[in-house]
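All remarks here apply to the structure that follows.
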Amino acid sequence: MEPLRQVEGVVAAMDRMDVDTDQIIPKQFLKRVERTGYGAFLFNDWRYRTDGSPDPDFELNCPELQGARILVAGRNFGCGSSREHATWALHDYGFRAVIAPSFADIFLSNCYQTGIVPVQLPEEQVGDLIHRAQVVGYRATVDLEGLEVRGEDGFRTSFDLDSFRRHCLMEGLD
C-alpha cells in the first residue's frame, strides 16, 4: 500500500443509507483473483442502464465528479456480505477516503487493509458535508496527521481513528 498522510480532492456525495457490498460491487464481477480491475464495475447496477449506457441520474456519473477521491455517504455504509472486493472496487475507482456516520464492521476492517481512510462523523456533520458537496467540484481534505476533515469553504471537523490503524495507513502497511 502507498502511505497516506492526506487525501485531497473532489468530494462525491451519495445521499443513501445502507449501501451494501452487493451494490458496491455486484456478485457477477467477483471472478477475478487480482485486487485490481474492479473500479469499472463499482456501483454497476446504479451507474448503468440495462442497455449498458451510463445513467445520467446516478450521482457518480456527473462528469465533474470523475476522479473524485473522497466519497461521503449515509449511515451503515458497506453493510451486507463481507466481500473485500467492495473496498478493492472503491480503491480501484480512485477513492482514498469514505466519510459516513457508520460502517459495517467487516467493511471498516477491509478499508484499512485496502488503504482507504474510513472517517466516521456524526450524522449531522455528514448531512452538512453531503449538502456542501452538492456544489459540483466541491473539494475537501482528509488529514490523517491532524485527524481533521477540511472543506474548501471553511467546513472543518475532527475525527477519531484507531491509533494502530492510523499508523498503518500513514506508513503504507496492510
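The values are calculated or read from the model by the stated rules, or taken from the named source; none is laboratory data. Because the structure is predicted, anything quoted here is derived from the model rather than measured. When we count neighbours, we look across all protein chains shown, and the Cβ atoms used for this are built from the backbone with ideal geometry, even at glycine. These area figures cover heavy atoms from the full protein model, side chains too; ligands, DNA and RNA do not enter into them. Shrake-Rupley method; radii C 1.70, N 1.55, O 1.52, S 1.80 Å.
Quick one: residue 98 ticks every box in (1) open to solvent by 20 Å² or more (accessible area, probe 1.4 Å); (2) at pLDDT 95 or above; (3) under 20 Å from residue 22 (Cα atoms) bar one, so which box is it?
Only one criterion in (1) open to solvent by 20 Å² or more (accessible area, probe 1.4 Å); (2) at pLDDT 95 or above; (3) under 20 Å from residue 22 (Cα atoms) is unmet by residue 98, namely (1).
Tell me which residues, restricted to region 139-151, are part of a loop (DSSP other than H, G, I, E, B) and either among the acidic types (Asp, Glu) or closer than 21 Å to residue 103 by Cα (or both). Talk me through it step by step, then tell me what you get.
Initial filter on region 139-151 (part of a loop (DSSP other than H, G, I, E, B)): 144-147.
Selection gives 144, 145, 147.
Quick one: in region 130-151, which of the residues that are buried (at least 17 other Cβ atoms within 10 Å of the Cβ) and of a type in the set (Gly, Ala, Ser) is farthest from residue 119 (Cα to Cα)?
Only one residue fits best here, namely 133.
Considering every residue within region 31-41, establish whether at least one is within 26 Å of residue 168 (Cα to Cα) and crowded, with 18+ Cβ neighbours inside 10 Å. Before the answer, list the steps.
Within region 31-41, the first condition is being within 26 Å of residue 168 (Cα to Cα), and the residues that meet it are 33-39.
With crowded, with 18+ Cβ neighbours inside 10 Å added as a condition, the list becomes 38.
Looking for residues that are within 26 Å of residue 168 (Cα to Cα) and crowded, with 18+ Cβ neighbours inside 10 Å, one finds at least one in region 31-41, hence yes.
Do you know which of the residues in region 116-129 that are part of a helix (DSSP H, G or I) and open to solvent by 50 Å² or more (accessible area, probe 1.4 Å) is farthest from residue 96 (Cα to Cα)? Working first, answer last.
Pass one, region 116-129, residues part of a helix (DSSP H, G or I): 123-129.
Going one step further and asking which of them are open to solvent by 50 Å² or more (accessible area, probe 1.4 Å), we end up with 123-125, 128.
On the way: 123: 21, 124: 22, 125: 20, 128: 20 Å.
Top of the filtered list is 124.
So, in region 152-174, of the ones that are open to solvent by 50 Å² or more (accessible area, probe 1.4 Å) and either in a strand (DSSP E or B) or of a type in the set (Gly, Ala, Ser) (or both), which residue ends up farthest from residue 73 (Cα to Cα)?
First, the residues of region 152-174 that are open to solvent by 50 Å² or more (accessible area, probe 1.4 Å): 152-154, 156, 158, 160, 162-167, 171, 173-174.
Filter again for either in a strand (DSSP E or B) or of a type in the set (Gly, Ala, Ser) (or both), leaving 154, 156, 158, 163.
On the way: 154: 20, 156: 17, 158: 17, 163: 24 Å.
Residue satisfying both the conditions and the ranking: 163.
With the structure loaded, tell me whether residue 117 is modelled with pLDDT under 95 and at negative phi or whether it fails that test. Spell out the reasoning first.
Numbers: modelled with pLDDT under 95: no; at negative phi: yes.
Considered against the rule, which asks whether it is modelled with pLDDT under 95 and at negative phi, residue 117 comes out as no.
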